[in-house]
Amino acid sequence: MALVALCVLVLLSVVGPAVSDKHSLYYIYTALSKDVQVPGIYEFTALGLLDDREIDYYNSKEQVKVPKQEWMKEKMQPDYWEKGTQSRKSKEQWFKVNVDILMQRMRHNQTDLHVLQWRHGCEIDEADGKPKFLKGIDEYSYDGSEFLSFDDENMRWIAPVPEALQTKRKWDDVPILNQYTKGYLEKECVDWLTKFMEYGKESLRKHSKPNVHALSKKSTTNSDKLTLTCLATGFYPKDVTLCVRKFRTSLPEHLLTSSGVRPNDDGTYQLRKSVDIQVDETAEYDCYVNHITLAEPIITKWEGPPSQGGLGLAIGGALAGVIVLAVLIGVIFFILKRRVAFTDPKNLTVLEISTTSVKVQWEKALGGIDRYILMVSPIPANGARQIIVPSDQDSAEINHLNPGCLYNISVVAKKGSKQSQPATVQATTAFTDPKNLTVLEISTTSVKVQWEKALGAIDRYILMVSPSPANGARQIIVPSDQDSAEINHLNPGCLYNISVVTEKGSEQSQPATVQATTVISSPTNLKVVEITARSVKVQWEKALGEFDRYILVASLSQANEFNPGQKIQVPSGENSAKIDDLDPGCSYNISVVAKKGSAQSQPATVQATTAAGSDTDSGRGSNKSSNENLSADFDASSDSASRSSGSPCDSVGNVNETTTLLRSDAKVYSPPDEEQRLLR
């Protein structure tokens, strides 16, 4: 009984809401730094709880592990209890040593009482008839505050106070220990839980209906008010609905005072809720209770004059164990609290967070104190910082932190050498944004980008790629240690919006952005499909992606500044074109490119020679023979002879080979003047 009192005091989470398909198995070990000389409270106790019912027990006086349920005594063999006793004795010695270690670490003296507790176990759900693991708990508390707990999912220890960091580091450095702890919680504990459930199924599944009492008395805080109390007791299992109603409408929970579901000494539970009303209020109030054992809810009205002693009489013998429990809790509270003449700071909360700072606030401690001490340590642990805050302040800003890091923060009140219990909170600083997103390389179907890394511990980068105008977006995950990425499978000649953000958990930074246009793809396989003396028709395979038009260029194979060639614009939807007004019998270089705005692709090229034929109708060029050209040269002056050419495809000013050989009397060649050029 005393052990349960101590467990309720330090580990209130043992008692909580549950549903009938969920089951739990927990073992709780409690060690005191010295004997308190209180009957029923020992220096060391251990007990097992199955669905909050005590199944075994050990204390430092008898030093024997004993069953607390008849079915445990019947089902478990003698060697189970013998081995259990040896295990409990071993743990008793371990706790005795570690209480002393913690007192030294906390700088606590030997005259005050200190309590170290360990709770471990598991919870399952049997909703579908098969046990499903819900959670495992392995945690230590010191003087009623959390000291160290195991993170089952990530297989590591969590230290909420700086004094626990040394132990955390030591245990985390032994991976096999963490692996064993996880294996015990998720497998071995579940096996024992299901085995015990099977052994004690008849006893564990015995249901008990609640007894309901509607009580009233004068308020102890205001003589003009009455306190109405609704009490349900003696029920099992502990999942119950209790409402205080006014005109059959349930009052909101924040207006009520609740005891929470508590255990009775017979394995059943009780719950009490109260509300203060005006003495002369005439509204109709009732107490509404529903439980799995009831065919219909119990509704009990408040009637008759208030009674100062009604509450105690209604509770009667059913709550005798709870009254004893309250006395014992009071004893422990007194012993634990009498050493501190001031209260603890409470509700430590985070007000503001930046990349390098955290601002916190707390409720002030009551009583005369000298100062507050803020302790700040990163997770995983790498040293702790201490900040002194004046006693008249209730907030502080912690600077010079690293971006994107998780920190344990605690605050205590101090007076001389005495120190309160800490209020704790965790905070993660913001991480910086990636910056200067730039384009390194571009091809027809890919873009390579680079950025300046974000500062702080992050999980990853996220690249977002979307065409402009938008038509769906693509997400690319990039490891946190990289600062560049290649984006593939893009369309040629398209403009893309690209952004990069950092992520840590569900948090995301501001984006760095850039735009990039992929290279226009080239038309391919340019070929001649038709030739005449004055024209060439060509065809090609279309370029891929987005572009505005094709540009087709035909130029003489021998460069001629007086005949630069022809340039034709072709719509983007076509893949062929005819080039007219060419000279007969001439060789042409023909190229085609795709263009978008001022950007253009690489060219596709081909050569074509026009057919020889008459050119008289066009008035362009000449189709005379070499002899005719030669006769003309004899009749003309030297200047006119220099203008002659054997073919319109020849370069201007180059006398053909036949003319040069036959004209032995020809003057030395000189380039034609500007007037002659115009005449040609």
Residues located in the range 95-108, provided they are surrounded by 14 or more Cβ atoms within 10 Å (Cβ to Cβ) and outside any helix (DSSP H, G or I)
M106, H108
Identify, please: which residue in the range 254-288 is of a type in the set (V, I, T) and more than 39 Å from the chain's Cα centre (by Cα) and is, among those, nearest to N211 (Cα to Cα)?
T268
I'd like to verify a number: residues in the range 62-95 that are more than 24 Å from D266 (Cβ to Cβ), touching a Phe, Trp or Tyr at 6+ places or on another chain (Cβ under 7 Å) and among the basic types (K, R), how many?
2
Scanning for something closer than 26 Å to P378 by Cβ and at pLDDT 90 or above, does the range 88-101 turn up at least one residue?
yes
Of all residues in the range 139-183 being part of a helix (DSSP H, G or I) and among the basic types (K, R), which is nearest to L113 (Cα to Cα)?
K168
Test for L401: is it in a loop (DSSP other than H, G, I, E, B) and buried (at least 17 other Cβ atoms within 10 Å of the Cβ)
yes
Filter result (of a type outside the set (G, A, S) and modelled with pLDDT of 90 or more) within the range 35-49
Y42, E43, F44, T45, L47, L49
Kindly evaluate E92 against the criterion of being among the acidic types (D, E), in contact (Cβ under 8 Å) with a residue 24 or more places away in the chain, in a helix (DSSP H, G or I) and farther than 30 Å from D128 by Cβ.
yes
Can you say whether A457 is among the hydrophobic types (A, V, I, L, M, F, W, C), in contact with a helix residue (DSSP H, G or I) (Cβ under 9 Å, 6 or more places away or on another chain) and either surrounded by 15 or more Cβ atoms within 10 Å (Cβ to Cβ) or in the same structural domain as L544 (by TED's automatic domain parsing) (or both), as far as the supplied structure shows?
no
Do we have any residue at all in the range 353-362 that's aliphatic (A, V, I, L, M), modelled with pLDDT under 90 and closer than 30 Å to V38 by Cα?
no
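The values are calculated or read from the model by the stated rules, or taken from the named source; none is laboratory data. A quick note: this is a predicted structure, and the numbers were derived from the prediction, not measured. Ideal geometry is used to build each Cβ from the backbone, glycine not excepted, and the neighbour counts take in all protein chains shown.
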